[in-house]
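Rule-based calculations on the coordinates, nothing more; no lab input. Owing to the predicted nature of the structure, the values given are computational and were not obtained by experimental measurement. Because the Cβ atoms are built from the backbone with ideal geometry, glycine has one as well, and the counts that use them run over all protein chains shown.
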Amino acid sequence: MLRVYAATGAIAIAALLGATWYVTSGDGDKFAQCRASAVGTGVASIGGPFELIDETGKQVTDTDVITKPTLLYFGYTFCPDVCPLDNARNAAALRLLQERGYDAQAVFISVDPERDTPEQLADFTSYMHDDMIGLTGTPEQVKAASQAYKTYYRKQEPEEGQEEYYLMDHSTFTYLVLPQTGFLEFFKRDETPEGMADRVGCFIDASKE
């Protein structure tokens with residue numbers, strides 16, 4: 001069921017973004033060799049400032065959090081299969097990057113602030129990877145962060161008597177963000193850890209040229 005919801009969200013957000021979804025690839029793009037593909041013209045308007053709450057309960061901004069190459073994902077800890085699988089894949093890609101000598105991290109932003117407390121996120125991310133940071137916030141803060149990254153999420157109506165077990169409809173892209181550059185690329189669910197690590201490493205190397 002959730003896979004259908006997630007796919008629906010992905011389709012909805014892709015349609016919303018249209019030609020702005022990809023960063024232009026070409027002679028003026030030093031990251032062109034790292035991209036899977038490129039469509040449209042102009043730079044994608046994805047990413048930007050946010051203010052959220054970290055796993056310790058501290059208020060943080062995007063500049064506090066994104067201090068190194070980051071794999072960024074929006075999801076929620078009660079997600080029965082999509083989020084655990086995607087973040088396990090991200091964690092595996094991160095381990096490969098670190099084994100290759102890259103200083104990188106992962107960030108998990110909850111779209112379910114009603115249930116995802118800092119403590120809940122700490123349990124989830126520590127299980128995935130020591131260098132994965134969980135972020136939550138007020139509904140308004142989460143909405144602002146989601147809008148910055150053009151993601152989609154919506155609370156599903158639970159069955160009667162099962163109100164606490166509601167699911168979230170959400171998009172499932174993983175974003176690559178660099179501190180000085182911002183958003184560079186996104187990865188779909190079918191990307192392998194090895195493929196992600198190869199492409200992220202390419203972006204990191206190109207950013208130093």
Fill in: All lysines inside 17 Å of Lys143 as judged from Cα atoms, apart from same-chain residues fewer than 8 positions distant
Lys155
Discussion item. Using the crude model of +1 on Lys and Arg Cβ and -1 on Asp and Glu Cβ, and no other charge, please compute the dipole size for segment 59-209 relative to its Cα centre, in debye to 20.
Written reply: 560 debye
Worksheet item: Given 0.36 nm per residue, what is the gain on full extension from Ala148 to Leu85 after removing their alpha carbon distance, in nm?
Response: 20.3 nm
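With a/c under 1.5 counting as rounded, go ahead and sort segment 144-209 into rounded, prolate or oblate using the C-alpha gyration tensor (a ≥ b ≥ c being the square roots of the eigenvalues; past the cut-off, prolate if a/b is larger than b/c, else oblate).
prolate
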Response to the item:
Between the alpha carbon centres of segment 54-92 and segment 98-137 the gap in Å comes to 4 Å
Worksheet entry | Principal semi-axes in Å for segment 88-207 [√(5λ), Cα gyration tensor, largest first] | 28, 16, 14
Response to the item:
Any trypsin sites (Lys or Arg not before Pro) in segment 161-209 that lie in a DSSP loop and have at most 13 other Cβ atoms within 10 Å would be Lys188, Lys208
Worksheet item: Does segment 113-169 come out rounded, prolate or oblate, given a ≥ b ≥ c as the square roots of the eigenvalues of its C-alpha gyration tensor, rounded meaning a/c under 1.5 and, failing that, prolate meaning a/b above b/c?
Response: oblate
